[in-house]
Amino acid sequence: MPGTPALELRSVRRVYGAGPSATIALDDVAVTVAAGRFVSLIGPSGCGKSTLLRLVAGLERPDRGEVLVHGVTPAEACAAKLIGLVPQSPALLPWLSVLRNVTLPQKINRGAGGRRARLPGFTEREAAPSVAHTRDLLVRAGLGEVVHRVPAQLSGGMRQRVAIVRAFGLRPDLLVMDEPFSALDEFTRESLQDQLLDLWEELRTTVLFVTHSVTEAVRLSDTVVVMAPGPGRIVETVEIDLPRPRGERLLRERRFHAYEDLLRERLRRAWHGGGA
Ligand SMILES: Nc1ncnc2c1ncn2[C@@H]1O[C@H](COP(=O)(O)OP(=O)(O)O)[C@@H](O)[C@H]1O
Ligand SMILES: [Mg+2]
């Protein structure tokens, strides 16, 4: 429905285990993400970022509070294929070519359009992108030369590129990414950020992105949510008021560094006050 946030978490709590050894992975977490926004979660290891993503993707349920994706439960949203997930390491099918790794899930998903149309405020999604369009996405992602190769013949960065094109190719309404670039070298990482921004600026899918990197968070996001551990919680939400597209030149500007400094300072504070 118009005005319904793409994502809403209300007073969410998630506890693992019981008794004195219980871990409060998330406590009283509230997040609202408007459709089309790029939101990053940043915070030290163990502050509940992956837990939050699993709750959004419907892989786990909160012990308290509520999670809504476009106004429905994550389970309903998953059934209607509203949610796309890019994990830390790309899960490609090893026996399929790059092109088939992207087009096969599109074919499998074709039946989900009807379910999507039954949700309030949704219409049936236009047909899956044509193979020509998919090829074009792969070419733009720098994979034009390798569309007929199998994953074992690709570098790690190329495999993650394929995973990103595949996720966008499914046209999810909400794309959830858990540190997708953390295993890559810095150069590859920057070029994948370029690719991600390029696709996002064209398709305006809502993105929830987890990262350890302050620079990456500032470059990619409209909003950065700073989290702290013990218990996992949100300590600050920072709006990144920088123009787009965010090319290489912006990365060297003082206003970009000012946001990096601000986030680093908030993270330091969150870390030292972590036991609160
Ligand atoms: N399945 C689980 N069982 C027990 N504890 C868990 C489980 N998953 C996560 N935790 C704990 O919950 C906390 C948050 O974990 P996680 O969401 O993975 O943090 P992050 O992704 O920010 O590093 C950590 O203390 C972690 O050890
Ligand atoms: Mg994690």
Could you say whether any residue in region 88-107 is modelled with pLDDT of 95 or more and within 16 Å of ligand 2 (Cβ to nearest atom)? no
Within the bounds of region 219-233, is there any residue that is of a type in the set (S, T, Y), surrounded by fewer than 20 Cβ atoms within 10 Å (Cβ to Cβ) and either touching a helix residue (DSSP H, G or I) at 6+ places or on another chain (Cβ under 8 Å) or free of Cβ contacts under 8 Å to residues at least 12 places away in the same chain (or both)? no
Mind checking which pairs have a first residue in region 41-56 that is under 14 Å from P87 (Cβ atoms) and a second that is β-branched (V, I, T) and within 8 Å of ligand 1 (Cβ to nearest atom), Cβ under 8 Å, 6 or more apart or different chains? K49/V210; S50/V210; L53/V210
Does region 156-202 hold any residues that are of a type in the set (F, W, Y) and within 16 Å of ligand 1 (Cβ to nearest atom), and which are they? F181
How many residues does region 1-24 contain that are within 15 Å of ligand 1 (Cβ to nearest atom) and assigned to a strand (DSSP E or B)? 8
Could you give every pair whose Cβ atoms fall below 6 Å, whose first residue belongs to region 179-208 and is of a type in the set (A, V, I, L, M), and whose second residue is within 16 Å of ligand 1 (Cβ to nearest atom) and not in a loop (DSSP other than H, G, I, E, B), counting only separations of at least 6 or pairs across chains? L208/V39; L208/V176
Which condition number does L99 fail, the rest of (1) under 30 Å from P5 (Cβ atoms); (2) among the hydrophobic types (A, V, I, L, M, F, W, C); (3) surrounded by 14 or more Cβ atoms within 10 Å (Cβ to Cβ) being met? (1)
Could you say whether any residue in region 65-82 is part of a strand (DSSP E or B), exposed (fewer than 15 other Cβ atoms within 10 Å of the Cβ), charged (D, E, K, R) and at pLDDT 95 or above? yes
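Being within 16 Å of ligand 2 (Cβ to nearest atom), surrounded by fewer than 21 Cβ atoms within 10 Å (Cβ to Cβ) and at pLDDT below 95 is true for just one of G3, G46. Which residue is that? Let's see the steps before the verdict.
Details: G3 fails: within 16 Å of ligand 2 (Cβ to nearest atom).
Only one candidate qualifies: G46.
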If you scan region 25-80, which residues turn out to be away from ligand 1 (no atom under 16 Å from the Cβ), β-branched (V, I, T) and closer than 22 Å to L220 by Cβ? T32, V33, V69
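Being buried (at least 18 other Cβ atoms within 10 Å of the Cβ) and more than 16 Å from V226 (Cβ to Cβ) is the filter here; which residues of region 20-36 pass it?
Hits for region 20-36 are I24, A25.
The values are calculated or read from the model by the stated rules, or taken from the named source; none is laboratory data. Not measured: the values here are computed from a predicted model. Neighbour counts run over all protein chains shown; Cβ positions are idealised from the backbone, glycine included.
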